[in-house]
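Here's the structure, in structure tokens; my notes come after.
Just so it is clear, none of the values below were taken in a lab; they were calculated from the coordinates. Just so we're clear, the structure is a prediction, and the values are computed from it rather than from any experiment. Here the Cβ is made from the backbone with ideal geometry for all residues, glycine too, and neighbour counts use every protein chain on show.
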Amino acid sequence: MKFSILLSALAVTPALAVPTAGSRSPSSYSYSYSYGSRNNSHSDSHSDSSHYGSSSSSSSSSSSSSSSSSSSNDNNSNNDNNSNNDNNCDNDDDNSNNNIKNSNNGLNNGQSKYPTDTYIVNPAGKSGTGYGSNPGSQYSNGYRNKPTNNYGKGYVPSGGYGNRPSSGNGNNPWNGPGSLGSKPWNGPGNNPWSNPDKGSGGFNGKGLGDGSGSTPGSGSSTPGSGSGSTPGSGSSSTPGSGSGRTPGSGSGNGFGKGFGDPASQGHRNVLYVTNWGIYGAKYQPDQIPADKVTHINYAFANIQDDGTVFSADPWADTQKGFPGDNTTEPGNNAYGLVKQIYQKKVENRGLKVLLSIGGWTWSPKFPPIVADDKKRAQFVASAVKLITDWGMDGIDVDWEYPNTPALNKQCVILLQELRQALDEYSAKHANGYHFLLTFAAPAGPQNYGAFDFAAMDKSLDYWSLMAYDFAGSWDNTTGHASNVFPNPFNPTSTKFSISKALDDYIKGGVAPRKFNLGIPLYGRGFNNTDGVGKPYHGVPVDSLGNQGTLTYKYLPLPGAKVEFDPIAQGTYSYDSKTRQLYSFDDIKSAGVKTDYLQFRGLGGAMYWEASGDKTGDQSIVSYVAKKIGLEKSQNLLWYPVSVYDNIRGNLGQAVAKQS
């Protein structure tokens, strides 16, 4: 479903009251529905306790604390990717091809207009590849109605070089005798005025400039008759020598260092795999769709009181023999899931593996450790040691949650020290390989309200937004558990939303590309209810004793009818005979979320957790992977100081030292 359609469905003008995030009572802030409005959102947790058979509803975060957020309708907030575009096109002609008006590629040096009789300097001070036909009176930066034949005095840029003369004499018009290399300014050539590649103000390495670059302007498109390589004979200053086919080297400020990746790199697809999945769920490592994901977050490592990060289940992690393992072979070898997942890395060089530390159950161990310099140092050293012993590519911090100013300040320090330690190890043992550091991000204002987003973000490669558990057994009414938007016509059904959380993080300074949008592979259930947003009595219990949850592979239950809320953008099933309701994601809602993450320029998707997915054409993980396209980034297979002989020896596979 295209978001142009979705957004039109949300264009509700009346201001409506919606509940304050995390509050039991409604709040009265004004709400105007269009894409990007500031909505409510709640946090989720990565709960491991429920998978051990716990029946406690604390396996997911409650929404008991109040955190009100007032916000006006942000009808222009679709510039989350393109936050600098306001500087570029304020006065552009309305016909300047608005379809790429938000591509962030404006003039960076304050030249907002170009008179018809002035010396021209390369506007962005940059060069780059061409836009195709970037002609006459329609500049690549969206500046229209600039005639091509009024530029005199011989200062007309050639080949992307500032201060280069035209090949005609100094008083000749733009299209006079001579030409600018083999392609003139307004011809169909590919020699643009400016096209910063991944530059500051670039569109993540993917977009064109603010002008159309494809529709001919009003100027002549006929090349001059001069030589494409011979300087003109005009009376102006030093003639240019660049070919019209080759981008100039630019006398301006050069290329920026934007965070964006070229479109060819695709998106991240991050899958949590748990070490307890082999038990009740009977999820085996050969079921991991390694070719459909870019990253595996292996959950969870535990934390000792002195700060040491250690294996939570040694038998599952490094001891259990799987088919094909020879556990009697000589040496100190890793088996279990650690070996199986490392084998996936060997077979899929685009797959990276991170160790996730903490989780809901063990998160209370973080505060006393990060507050103590010695314990924090032990945490950092042991975490780096463990991932490099196990042959992994990074660390995922799952602390739920550093939600006070004091805790968040300590979290920032922890992230800084982890980043430094990973880099130091790499410089010494991995030839500068970039180990990843990521964070499991809550989606509820009461849990991220104290975050210093910018300070945390400096150390992180990406954030995985836990965009689920918006409703559950802790609430008084049923609701959507992972909706994109609030529904003002049924506010009790959407106490929180994805859009609100993203708005707040991005406003706090986190780039959209650094987010993975969390998608649950399970549903939240309610008994004895008349529908979504209605009171209920009790929650279902699954065969493993988990209260109020059921994995996606079992949903919908027989007899239940699947419904889709077009305003909230959420799926649920309801059985009118049993009066049971489940909120969950299916292929349809996953497709909507995929469109949404691409619309907002997010970096990818994340899933909790692997054992809940279906197979075949109903697999959410595989469906999203195909829809978004996967990034290509090589993993590490060089761990010379691992304590395990088979990891150090790369499972007997030949591999060159990381270079």
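Taking R0 as 25 Å, what's the FRET efficiency between T404 and A381 from their Cβ-Cβ distance, rounded to 0.05? Let's see the in-between values first.
Working: r = 26 Å, r/R0 = 1.05.
Working from the Cβ atoms, E equals 0.45.
Exposure proxy check: H537, H267 ranked by fewest other beta carbons within 10 Å? Numbers along the way, then the final one.
Working: H537 9, H267 25.
Least to most surrounded, the residues fall as H537, H267.
Rank these for me by crowding, Y283, Y462, going from fewest to most other beta carbons within 10 Å. Write out the running numbers ahead of the final one.
Values: Y283 19, Y462 25.
Lowest count first: Y283, Y462.
Hey, rough spin-label estimate for N332 and F310, points 7 angstrom out along Cα→Cβ, what's it come to in nanometres?
Label at N332, label at F310, 1.6 nm between them.
Determine, at each q value in 0.13, 0.17, 0.19 (inverse angstroms), the log₁₀ of I(q)/I(0) that the Debye formula gives when each Cα of region 267-466 is one equal point scatterer.
Summing over Cα pairs of region 267-466 leads to -0.70, -1.19, -1.45.
Under a crude label model (7 Å from the Cα following the beta-carbon direction), how far is E347 from K507 in nanometres?
It works out to 4.7 nm between the two label points.
Counting only Cα atoms, I'd like the Rg/Rh figure for region 277-392, Kirkwood definition for Rh. All intermediate terms of the calculation are to be shown ahead of the outcome.
Working: Rg = 15.3 Å, Rh = 15.3 Å.
Using only Cα positions, Rg/Rh for region 277-392 is 1.00.
Can you compute the modelled spin-label distance between Q598 and Q653, with each label point 7 Å from Cα toward Cβ, in nm?
In this crude label model, Q598 to Q653 measures out at 3.1 nm.
So between D325 and D423, what do we pick up on full extension, going 0.36 nm a residue minus the alpha carbon distance?
Values: separation 98, 0.36 × 98 = 35.28 nm, distance 3.31 nm.
Residue separation times 0.36 nm, minus the Cα-Cα distance, leaves 32.0 nm.
Cβ neighbours within 10 Å, averaged per peptide: list 548-554, 497-503, 425-431 in order, most packed at the top.
Numbers: 548-554: 21.4, 497-503: 26.7, 425-431: 15.0.
Ranked from most to least packed, the peptides come out as 497-503, 548-554, 425-431.
Could you please rank M606, M392, placing first whichever residue has the fewest other Cβ atoms within 10 Å of its Cβ?
Numbers: M606 29, M392 26.
Final ranking by Cβ density, sparse to dense: M392, M606.
Roughly speaking, what is the stretch gain from N527 to V541, that is 0.36 nm per residue apart minus the C-alpha to C-alpha distance, in nm to one decimal?
Working: separation 14, 0.36 × 14 = 5.04 nm, distance 1.01 nm.
Result for the pair: 4.0 nm of gain on full extension.
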